[in-house]
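These notes are about the structure you will find just below.
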Ligand code: URA
């Protein structure tokens, strides 16, 4: 079974409170989503392997550590996932970025992929799939399956707010994918919105309604 990491650093919790507030407009919402994503990326990458290299300081030669070989890719689920990309890339500038877009077929209610462009070497990269809201889990489960079908093996899922229902569904479908979230909220309401949540993350990021 995968792990759920609730990243409850005070800076993240403080920024998340402002993100949730109804009166926070798109400019501040975007800034906060990116800042929280940067802080979370610090935790998500905590287990990256290190290797020793020889360097010379102005004083002497020494051994020191650098991140070894492991390459990363960030995969936002369109469209709200875009609001987390810059925050992660700020910390990991060499990361490649893949994109995946899904819609729900109105008749079958099955998720259908309408866009997918991945780095060609995703099989040898650690993937961080990002979407601000893990609500029912339907989109995340499908997106993870689509990237696995293209060869991804080493995947983490990172969101800002998760509902227990989404966590349960994702863990059942992808027990190999750890979940990183800034908050685990109470429940979903009848419209599949997270309570207390923050509303529609995509609309708030892009100023649409
Ligand atoms: N998607 C959102 O943007 N917000 C929710 O509360 C649930 C799904």
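Below is a table of values for the structure above.
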{"read-out": "Test: residue in the range 175-186 that is within 14 Å of the ligand (Cβ to nearest atom), buried (at least 22 other Cβ atoms within 10 Å of the Cβ), in contact (Cβ under 8 Å) with a residue 60 or more places away in the chain and assigned to a helix (DSSP H, G or I)", "value": "no"}
{"read-out": "Lone qualifier among 56, 3 - being at pLDDT 95 or above and under 23 Å from residue 137 (Cα atoms)", "value": "3"}
{"read-out": "Of residues in the range 105-136 being within 16 Å of the ligand (Cβ to nearest atom) and farther than 21 Å from residue 48 by Cα, the one surrounded by the fewest Cβ atoms within 10 Å (Cβ to Cβ)", "value": "109"}
{"read-out": "Residue in the range 81-103 that is farther than 23 Å from residue 154 by Cβ and touching a strand residue (DSSP E or B) at 6+ places or on another chain (Cβ under 6 Å) present", "value": "yes"}
{"read-out": "Selection from the range 31-54 of residues that are touching a helix residue (DSSP H, G or I) at 6+ places or on another chain (Cβ under 6 Å) and under 23 Å from residue 195 (Cα atoms)", "value": "32, 33, 34, 35, 36, 37"}
{"read-out": "Matching residues in the range 138-174 - criterion: being over 20 Å from residue 44 (Cα atoms), within 16 Å of the ligand (Cβ to nearest atom) and touching a helix residue (DSSP H, G or I) at 6+ places or on another chain (Cβ under 7 Å)", "value": "169"}
{"read-out": "Enumeration of residues in the range 51-79 that are touching a strand residue (DSSP E or B) at 6+ places or on another chain (Cβ under 7 Å) and within 16 Å of the ligand (Cβ to nearest atom)", "value": "76, 77, 78"}
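The values are calculated or read from the model by the stated rules, or taken from the named source; none is laboratory data. Owing to the predicted nature of the structure, the values given are computational and were not obtained by experimental measurement. Positions of Cβ are backbone-derived with ideal geometry, glycine not excepted, and every protein chain shown enters the neighbour counts.
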